[in-house]
1. How big is the range B:23-67 by Rg and Dmax over its Cα atoms, in Å?
2. Among DSSP bridges having both ends in the range A:35-179, what percentage is antiparallel? Round to the nearest 5.
3. If you build a Gaussian network model of chain A, linking Cα atoms that sit under 10 Å apart, which residue out of A:161, A:133, A:197 swings the most?
4. Relative contact order for the range A:143-185 using alpha-carbon pairs under 8 Å, separation at least 6, rounded to a whole percent?
5. Can you compute the FRET efficiency between residue B:153 and residue A:190 using 1/(1 + (r/R0)^6), with r the Cβ-Cβ distance and R0 = 56 Å? Round to the nearest 0.05.
6. Using a ≥ b ≥ c from the Cα gyration tensor of the range A:10-128 (square roots of the eigenvalues), is it rounded, prolate or oblate, where a/c under 1.5 gives rounded and otherwise the larger of a/b and b/c decides, a/b for prolate?
7. Nearest 10 degrees, 0 to 90: what angle lies between the long axis of helix A:67-76 and the longest principal axis of chain A (Cα atoms)?
8. At what distance in angstrom do the alpha carbon centres of the range A:24-72 and the range A:111-132 lie from each other?
């Protein structure tokens, strides 16, 4: 079984985001990491691979720097590394089309990804790819199992959680999973360095990146909050509670 | 541009965000069509100001949440600009409708003006992005970011039957005996961090939460280290919340935590470290240990309630 895992490289969640000339300044990002929810998807993919003897394909869309993340994925067990080079694509629907074409090209039986990326925070990619390839999609899952030719997964419900079964080709978008991404061992790291990365262009995938009706005007720092009122000592609690009622009107 | 609102249900009635979606459409000078999946809340939707008509969509496909099935039954009923709540289900349906129609989807929008120009937080609120869309689009709106429309209307309701191929089936429902409010639904949240000392001390926060009808949240540190449920986690890898009041107790304010709660309307921080970064985003800060502050907070709040 071919298991495709869609990965995105993002500024590490500890990294400071600076803006220059109306844009997030990528050059100033101190550390790039695999998006945290994608890590859960990758770990689930590795477990699925071990349980089924499948082949794990790690796919990413992005600039040259994202290849490092694919090598990291290989170090923990990804078998095939696929890089779709793009620079500055603005519209997520373009990325969805590229990823959908790639998972079809590798004849994937199941596609795993994070519920949303830590940079754009959208959550469109998993369901969007599912729509394009005619697959089912379950979002916010914490684990995926395969038995008797069917996938089952756990997702939140209104009253707790529910175990659901999915028919046929499926996309699973991960929330925090039941296990953290494993650490690579030395052998894994050494082998990963030699693992080739397959580069597939949008032309190779037959995806025309038409101009988009979506324009990014600017990116900016979040609005500054006016400085708050600070009190020293617990004896001010009563006073603050009254302010919450009379000034803020929230209790 | 004609606007379509896809209603969000809460049990048998409309979720409050539906009023905000309609309010947002109305603020753009539009009289939206409101689509009610499974007919839920259709009569209620017809009473909301600004609504041109309600489409009550019935079908077996709504018995379970399958975003693919929902999108395929709703998509053909939608107009140019489709507004949905940026809830998990809303985002999923929105992405699938956008992919189906080959139009852009813009998630988690917090403001919208003519153009159509919208802005949305990115990097979990560490930055904002302004976008303009010149054609059709799906736009999901962050709950509690738009003025709710009032209800003094009497719009017509059309009933439509739809069917769709459902690919997901429920094997087992596991109920969690949590009577606590979910942090994403609560109007007031009281969260604890490592400064609470031990997991047992969260009972003090729970007592306060019960007094004022708040949800209890937690920082990543205590979720990871003390094994609190992930659904309580507020922050970049947990929930993003926008309550009217967020009370942070013993939370220093790591950048990832701030990302998840900084757009709360009011923030009260209680921390014994006067230099804790949480004070940088707090409207009200009290420098004190939780042991000193919580008893007074409890009594002051119960006094207000009585």
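1. Calculated on Cα positions, Rg and Dmax stand at 12.0, 35 Å.
2. On the way: 11 of 27 bridges.
Approximately 40 percent, going by the DSSP bridge assignments.
3. Judging by the Gaussian network model, the answer is A:161.
4. Values: 37 pairs, mean separation 12.8, N = 43.
Computed value for the range A:143-185: 30 percent relative contact order.
5. Working: r = 68 Å, r/R0 = 1.22.
Working from the Cβ atoms, E equals 0.25.
6. On the way: a/c = 1.99, a/b = 1.57, b/c = 1.27.
Cα axes put the range A:10-128 in the prolate bin.
7. 70 degrees
8. Their Cα centres are 13 Å away from one another.
Since every read-out is calculated from the coordinates, none of them should be taken as a lab result. Given the structure is predicted, the values throughout are model-derived calculations rather than measurements. Using ideal geometry, Cβ is built from the backbone for each residue, glycine included, and neighbour counts are taken over all protein chains shown.
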